[in-house]
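Some notes on the structure that comes next.
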Amino acid sequence: GAVVSQHPSWVICKSGTSVKIECRSLDFQATTMFWYRQFPKQSLMLMATSNEGSKATYEQGVEKDKFLINHASLTLSTLTVTSAHPEDSSFYICSAREGGWSYGYTFGSGTRLTVV
Amino acid sequence: AQKVTQAQTEISVVEKEDVTLDCVYETRDTTYYLFWYKQPPSGELVFLIRRNSFDEQNEISGRYSWNFQKSTSSFNFTITASQVVDSAVYFCALSGAQKLVFGQGTRLTINP
């Protein structure tokens, strides 16, 4: 079955630094990738949608300059949290879709970010 | 706009009891997909089922069953003879043409 690898699984960084999270589709080409954020005991909130070779579409309220998304190839998307602050500490999870919306979604295993 | 409501925030039952998790959705799309995911404490999302809007047949998979009723915009999930390993957060989700939207989740605890 389809597999999405997300790396790292956890990261601790200092306030003010940037952190990059990678999401790779291992056995399929992901035309669309999604990034979600999940605070403790809350639901998954969509942050942005990215199509390969295009700029990401951000959800309302998500800072584009803070959460940089790159989808340069059909198998890799990255989320960079710039100038991280403690309030950015959260669980970030990516999802990839092979084709149109009738395809299913494959999720990565998530990245737990702690900013100290 | 799409919306998924899981009114049950937390459910706690004793092992072997049956339990139903409710899911109500809103969408203006005529074609859409509904999903259920399980999220254990480790955090990864485990896919359970996908159902398209034209298929209202109920489905059974082992101890799991799903009841899709378009008339009430509901897609409920029942676990029969629950086990401690079923303890997790369960999410119902709705996908239209653009994105996948999640409900608030139901935290299910199965006590031995």
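The values are calculated or read from the model by the stated rules, or taken from the named source; none is laboratory data. Source: prediction; values computed, not measured. Virtual Cβ from ideal backbone geometry, glycine too; neighbours counted across all protein chains shown. We work out accessible area using only protein heavy atoms, side chains counted, and drop any ligands, DNA or RNA first. Shrake-Rupley method; radii C 1.70, N 1.55, O 1.52, S 1.80 Å.
Considering (1) more than 27 Å from residue A:38 (Cα to Cα); (2) in contact with a strand residue (DSSP E or B) (Cβ under 9 Å, 6 or more places away or on another chain), the lone condition that residue B:71 does not fulfil carries the number (2). So, in region B:34-55, exactly how many residues are over 21 Å from residue A:112 (Cβ atoms) and aromatic (Phe, Trp, Tyr)? Residues flagged as over 21 Å from residue A:112 (Cβ atoms) and aromatic (Phe, Trp, Tyr) within region B:34-55 amount to 3.
State which residue is farthest from the chain's Cα centre (by Cα) when the search covers only region A:90-116 and only residues that are farther than 24 Å from residue B:97 by Cβ and open to solvent by 30 Å² or more (accessible area, probe 1.4 Å).
Step one: list which residues in region A:90-116 are farther than 24 Å from residue B:97 by Cβ, which gives A:90-92, A:109-116.
Add one more test, that the residue is open to solvent by 30 Å² or more (accessible area, probe 1.4 Å), and what stays is A:109, A:112, A:114, A:116.
Numbers: A:109: 11, A:112: 11, A:114: 15, A:116: 21 Å.
That would be A:116.
More than 14 Å from chain A (Cβ to nearest Cβ), touching a Lys or Arg at 6+ places or on another chain (Cβ under 9 Å), within 30 Å of residue A:51 (Cβ to Cβ) and of a type outside the set (Gly, Ala, Ser), is that true of residue B:75? Judged against the criteria, residue B:75 is a match.
A search for C-beta distances below 8 Å between a residue of region A:87-104 that is farther than 16 Å from residue A:77 by Cβ and at the interface with another protein chain (Cβ under 8 Å from one of its Cβ atoms) and any residue that is among the aliphatic types (A, V, I, L, M) and open to solvent by 10 Å² or more (accessible area, probe 1.4 Å), counting only pairs 6+ apart in sequence or on different chains, returns A:101/B:97; A:104/A:2.
Surrounded by 19 or more Cβ atoms within 10 Å (Cβ to Cβ) and of a type in the set (Gly, Ala, Ser): which single residue out of B:95, B:65, B:61, B:71 fits that description?
Working: B:65 fails: surrounded by 19 or more Cβ atoms within 10 Å (Cβ to Cβ); B:61 fails: surrounded by 19 or more Cβ atoms within 10 Å (Cβ to Cβ); B:71 fails: surrounded by 19 or more Cβ atoms within 10 Å (Cβ to Cβ).
Testing whether each residue is surrounded by 19 or more Cβ atoms within 10 Å (Cβ to Cβ) and of a type in the set (Gly, Ala, Ser) leaves just B:95.
Of the set (1) more than 14 Å from chain A (Cβ to nearest Cβ); (2) more than 10 Å from the chain's Cα centre (by Cα); (3) without any contact (Cβ under 8 Å) to a residue 40 or more places away in the chain, all apply to residue B:66 but (2). Testing residue A:25 on (1) modelled with pLDDT under 95; (2) more than 23 Å from residue B:94 (Cα to Cα), one condition comes back false. Which one is that? Single failed check for residue A:25: (2). Contact list please: Cβ distance under 6 Å, first residue in region B:27-52 and within 11 Å of chain A (Cβ to nearest Cβ) and farther than 18 Å from residue A:42 by Cβ, second residue modelled with pLDDT under 90 and not in a strand (DSSP E or B), pairs at least six apart or on different chains. Listed by first residue and then by second, the contacts come to B:29/B:96; B:32/B:96; B:50/A:104. Taking the stated definitions as given, is residue A:3 open to solvent by 40 Å² or more (accessible area, probe 1.4 Å), over 14 Å from the mean Cα position of the chain (by Cα), within 14 Å of another protein chain (Cβ to nearest Cβ) and of a type in the set (A, V, I, L, M)? Criteria met by residue A:3. Counting only strands (runs of 3 or more DSSP E) that sit completely within region A:12-79, those holding 3 or more residues that are touching a residue at least 40 places away in the same chain (Cβ under 8 Å) correspond to A:19-25, A:32-38. Give the residue that is farthest from the other protein chains (Cβ to nearest Cβ), with candidates limited to residues of region B:78-92 that are open to solvent by less than 30 Å² (accessible area, probe 1.4 Å) and among the β-branched types (Val, Ile, Thr). It comes out as B:79.
Condition check: closer than 14 Å to residue B:3 by Cα, in contact with a Gly (Cβ under 9 Å, 6 or more places away or on another chain) and in contact (Cβ under 8 Å) with a residue 24 or more places away in the chain. Does residue B:90 satisfy that?
Working: closer than 14 Å to residue B:3 by Cα: no; in contact with a Gly (Cβ under 9 Å, 6 or more places away or on another chain): yes; in contact (Cβ under 8 Å) with a residue 24 or more places away in the chain: yes.
No, not satisfied.
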